[in-house]
Structure formats: structure tokens, C-alpha cells
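Right, one structure below, let's go through it.
Rule-based calculations on the coordinates, nothing more; no lab input. Values in this document were obtained by computation on a predicted structure and should not be read as measured data. Every residue, glycine among them, receives a Cβ derived from its backbone with ideal geometry; neighbour counts consider all protein chains shown.
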Amino acid sequence: MDKYVLCITGASGVRYGLKILEELSKNNQVYLLISQNGYIVLEREEGIKREDLKSLVNQNVILENCRNIASPIASGSRLVEFKGVIVAPCSMNTLACIANGIAQNLIHRVCDVALKENVKTFLLLREMPLSLTHLENMLKAKKAGCDIAVASPAFYHKPKNIDDMVNFVAGKVLDAFRVKHNLYQRWEG
């Protein structure tokens, strides 16, 4: 069973993170990190309160406290066992911390360690428009080794609802890790 770290931050679009969690946890172990602002957005957008998270956790999901810097996944000697780190959605604050090597919580620390250990790190940004500072931080993060995408659904698969658009974006993130899924209809030419 492969291991992943999934981080949900305070950007709008927690549904992307939830869909990725649902798919990844079917056949993989997932360490789930949710920032303090991530909990706020989770409740506002999806109606899921902190105490309701038990419904998202199964035998393959380990919910970590974002303040627990002593967590095993804060160490490079443990994180090298993981296939990757996904931040979805990734707030501009989290992007700035990752791009500049600032570890204010376990999400930032895990990303910093993943980059130094060459563990695949994927940031799914959810913001628009982008300022020059955002773009510069994206470039810094890319140069540091992050894969970066802005949540941008395609329309060639003729989405019929929001779930179809979320599934497309979540599927593209999973594609980056070569995780098999059936979330969207692939381009056939």
C-alpha cells in the first residue's frame, strides 16, 4: 500500500481535497492534515464540522494535528517512504510559506521536508486573479521542486454539474501521481 500526505488549507475549494481523499484512501494510506483555516472553509463550504471528520476517516486515513511538529511525517527519514504530498486546495498563504521555506505548521514543515527529500509535492492552487506576489511565489515553489496547478476544469468532457468539474480537477491531480481512477472521461481525439 502506497502512502501519501494530503493537506487541506484555507483556500476555497475544499471539495477538491475531499474528492482526492476519497479516491486515494481506497487503496492507499493517507495522512490527512487540515489547517485551522481549512477547518473553517470545510464547515462553510461543505457543512462538515471538526467533530464530523470521523466520517471521513477510515482504516486507511490518519488524521494528524496540524500543530504536531513532532509527528513522524515531519521527519525526512519517514517521509521518504511516501509517494507524495498533495496540498489541495492550497491557499496563497501556504504557497508563500512553502516557496520561502517558512514552516509555521505541520503542513509547511511536511512540504519543506518533502522538497529536501525529493518527495513529489503537488500544490493545487485555488485563487484568482493572481497577483505578482502569487506568481513569483509559484515560480519559487516550482524552482524548489513543486508541481503546481490552478484548479481549472476542462469542458471537452461535457460536464453536467459541479461534481463533474471537481472530478476532472481531482483526477488531474491523481494523474500526476499515476493513481488509477475513473473520475473523468479522457480525451479521445
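Based on what the data block shows, is Tyr156 under 26 Å from Glu22 (Cα atoms), surrounded by fewer than 17 Cβ atoms within 10 Å (Cβ to Cβ), among the hydroxyl-bearing types (Ser, Thr, Tyr) and in contact (Cβ under 8 Å) with a residue 12 or more places away in the chain? Yes, satisfied. If you go through region 143-176 and keep only what is among the charged types (D, E, K, R), closer than 19 Å to Ala99 by Cβ and in a helix (DSSP H, G or I), you end up with just Lys143.
Kindly indicate whether any position in region 127-134 is under 27 Å from Lys26 (Cβ atoms), of a type in the set (Val, Ile, Thr) and touching a residue at least 24 places away in the same chain (Cβ under 8 Å). No, because not a single residue in region 127-134 is under 27 Å from Lys26 (Cβ atoms), of a type in the set (Val, Ile, Thr) and touching a residue at least 24 places away in the same chain (Cβ under 8 Å). Here are some conditions: (1) surrounded by 23 or more Cβ atoms within 10 Å (Cβ to Cβ); (2) touching a His at 6+ places or on another chain (Cβ under 6 Å). Glu23 meets all but one. Which one does it not meet? Going through the list (1) surrounded by 23 or more Cβ atoms within 10 Å (Cβ to Cβ); (2) touching a His at 6+ places or on another chain (Cβ under 6 Å), Glu23 breaks only (1).
Just one residue in the set Leu124, Leu95 is within 27 Å of Asn27 (Cβ to Cβ) and in contact (Cβ under 8 Å) with a residue 12 or more places away in the chain; that residue is Leu124. Output the number of the condition that Ile148 fails; it satisfies all remaining conditions of (1) under 17 Å from Gly38 (Cβ atoms); (2) within 12 Å of the chain's Cα centre (by Cα). Of (1) under 17 Å from Gly38 (Cβ atoms); (2) within 12 Å of the chain's Cα centre (by Cα), only one is false for Ile148: (1).
Among the criteria (1) more than 24 Å from Cys146 (Cα to Cα); (2) more than 16 Å from the chain's Cα centre (by Cα), the one Ile69 does not fulfil is (1). In the set (1) under 17 Å from Cys7 (Cβ atoms); (2) in contact (Cβ under 8 Å) with a residue 40 or more places away in the chain; (3) buried (at least 16 other Cβ atoms within 10 Å of the Cβ), the condition left unmet by Ala176 is number (3).
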